[in-house]
Amino acid sequence: MCAFNRNELESILKQRGLSDDWINIVLSGLPDDWSCRRKPYRNGEKCIFHAETKDPNEFKDAFNQELKDMEKKGKFDFIGFIFPKIDFSNTIFSKPTRFVGATFQAETDFMQAIFKEMVLFIGTEFQLQSARFTKAHFEGTVAFIKTIFFVTSFSEAKFHDFVLFDGVEFLGGVFSMKLNSKKEYPLRTPRFGG
Ligand SMILES: [Zn+2]
């Protein structure tokens with residue numbers, strides 16, 4: 001079984017500078033003995049989603065299947081997932097979505113993606129490549145907490161509900177963003193669970 005567990009998640013969140021309070025909030029949503037438990041990828045200790053290196057095509061197939069399973073369960077929970085280059089353009093995330101402690105190793109495209117419900121990027125790292133949220137629609141609460149971006153664009157992205165950017169780092173040269181929201185952006189703790 002995949003060895004990715006609470007302790008590993010905790011150490012990732014610490015590394016990414018999350019406060020103890022946030023780490024406690026995140027971990028309190030998981031059972032004490034939580035671990036991934038998916039089947040290991042090739043001969044490794046981790047599943048294809050938590051393995052550092054993997055074949056992007058195999059990942060894509062496994063991920064598409066995983067999305068279907070998660071949709072049935074009512075949430076997209078990508079805790080600690082390590083994404084190779086991935087294209088989420090035009091993808092509709094119909095359920096609450098959490099990229100807690102996730103890592104994007106390469107270019108990531110959320111162009112015109114629609115997040116129907118809450119989406120959380122907590123301790124998420126986009127490594128040295130661009131993350132595009134151009135024309136993405138965020139219909140529920142959005143929180144980027146201790147998210148590390150290299151180069152990103154939010155141009156023409158629309159935020160329909162509360163937006164929280166807290167402790168977000170932009171390491172790269174380009175950052176384009178025009179917040180376009182019907183509501184104010186109070187610094188509010190988003191609700192977990194669900
Ligand atoms: Zn795993």
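None of the figures in this text is laboratory data; all of them are computed from the coordinates on show. The model shown is predicted, which means the values in this text are computed figures rather than measured ones. Here the Cβ positions follow ideal geometry from the backbone for every residue, glycine too, while neighbour counts run over all protein chains shown.
In the neighborhood of C47, defined by Cβ-to-Cβ distances under 14 Å, what is the net charge if each Lys or Arg adds +1 and each Asp or Glu adds -1? Result for the local shell: -3. Compactness of the chain, taken as the C-alpha radius of gyration over 2.2 N^0.38 Å, stands at 0.97. Here each label is just a point 7 Å from Cα along the line to Cβ, and for N90 and S155 those points are 2.1 nm apart.
Using the Cβ of M111 as centre and a radius below 12 Å, the other residues enclosed give a net charge of -2, where K and R count +1 and D and E count -1. Farthest toward the dipole's positive end in the chain, which of N7, G140, L27, given Cβ charges of +1 (Lys, Arg) and -1 (Asp, Glu) about the Cα centre? Result: G140, furthest along the dipole toward the positive end. About its Cα centre, the chain has a charge dipole of approximately 420 debye under the convention of +1 per Lys or Arg Cβ and -1 per Asp or Glu Cβ, with nothing else charged. The separation of the stretch 11-54 from the stretch 71-121, counted between C-alpha centres, amounts to 16 Å.
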